[in-house]
1. Quick one: in segment 136-152, which of the residues that are modelled with pLDDT of 90 or more and surrounded by 12 or more Cβ atoms within 10 Å (Cβ to Cβ) is nearest to PHE167 (Cα to Cα)?
2. Can you tell me which residue in segment 168-182 is modelled with the highest pLDDT, limited to those that are in contact with a strand residue (DSSP E or B) (Cβ under 9 Å, 6 or more places away or on another chain) and open to solvent by 40 Å² or more (accessible area, probe 1.4 Å)?
3. Condition first: in a helix (DSSP H, G or I) and either at pLDDT below 70 or under 20 Å from ILE197 (Cβ atoms) (or both). Can you find one or more residues in segment 53-66 that meet it?
4. Which members of segment 9-35 meet the condition of being surrounded by fewer than 10 Cβ atoms within 10 Å (Cβ to Cβ), in a helix (DSSP H, G or I) and of a type in the set (S, T, N, Q)?
Amino acid sequence: PLYNTERQIEGAVMVLRNVTERRYLEMRTREVLSALLDMAEVVVQPVDATESSTGELKRLMVPPPSRVLQRLVEFIHHLLGSLNAGIISIEPETATLHPLAVVSITSERECQWWSGLKDTPMEACFNASIRSCLDKGEEVWWDLRGEAFCSFSDCRESILLLVPILFENRLIGMLGIEQRRKKGKFTAEEIALIRAIARLAGLVMERERLL
C-alpha cells in the first residue's frame, strides 16, 4: 500500500509475474511421470487371463516382446508428436539391423521404415562416427538431408534422434525418433523419458534373448 502523510491509503504498488513457463513445465513433468508409469505397467501387465472349466487359478501370460516394444514406441510417438519412431535390434555377430517395432504418421511411412531397415548391415546405414557414438552409449542427432539413410524417410524436412539401447555396456539396438527439423531438439525432460524407454526396451529384448 501507498500512504500519504496522514497514514491514509491512497494507492498501491502492484507486481505481476508471468508463470506460464513454470506452469507448462509442471504440466510436462506430470505427463512424463504418467507416461513412465504407463510404460512400467505395459511391461508387467499380462496380455490375457483365462480360467479353465475346472476352476483352476487364472494363468497370467507374459506379453510377447513385440507387443511390449510396440506399446513403448506408441507412447513416445504420441507424447512427442514425432514423424516416425522405432526400435531396432542389432545382430551381434553380423551387425545387421532388424526392426522390432515401428509407428508412423502414415502406414506408407511405416512400410518404408520396415522395408528400409530389415536385414540391413549397420555400416550401410551409419558412418563410422555415428557407429562409434552409439557403441559408447551416446545419443546422435542426425540431419537426414542428403544421407543414404534417407531411403525410407522424408529427408527433406526431418532430423533423426538415435538413442543406443545397451545391456551390460553392449550395444544391442537403438531407438530412433524422427521429427520435423523446424520443431527443434527435445527438452531435458523429454530426453530423460526417451532414455528411460530405451532402457526398458533393452530389458525386454534381453529377457527374450535369455528365454
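1. Among residues in segment 136-152 that are modelled with pLDDT of 90 or more and surrounded by 12 or more Cβ atoms within 10 Å (Cβ to Cβ), the one nearest to PHE167 (Cα to Cα) is GLY137.
2. We begin by selecting, within segment 168-182, every residue in contact with a strand residue (DSSP E or B) (Cβ under 9 Å, 6 or more places away or on another chain); these are 171-181.
If we keep only those that are open to solvent by 40 Å² or more (accessible area, probe 1.4 Å) too, we end up with 180-181.
On the way: ARG180: 78, ARG181: 68.
My answer is ARG180.
3. Restricting attention to segment 53-66, the residues satisfying the condition of being in a helix (DSSP H, G or I) are 65-66.
Remaining after also requiring either at pLDDT below 70 or under 20 Å from ILE197 (Cβ atoms) (or both): 65-66.
Yes, segment 53-66 has at least one match.
4. Answer for segment 9-35, where residues must be surrounded by fewer than 10 Cβ atoms within 10 Å (Cβ to Cβ), in a helix (DSSP H, G or I) and of a type in the set (S, T, N, Q): just THR20.
The values are calculated or read from the model by the stated rules, or taken from the named source; none is laboratory data. Model, not experiment: these values are computed from the prediction. Every residue, glycine as well, gets a Cβ built from its backbone with ideal geometry; the counts of neighbours run over all protein chains shown. Accessible surface areas use protein heavy atoms only, side chains included; no ligands, DNA or RNA. Shrake-Rupley method; radii C 1.70, N 1.55, O 1.52, S 1.80 Å.
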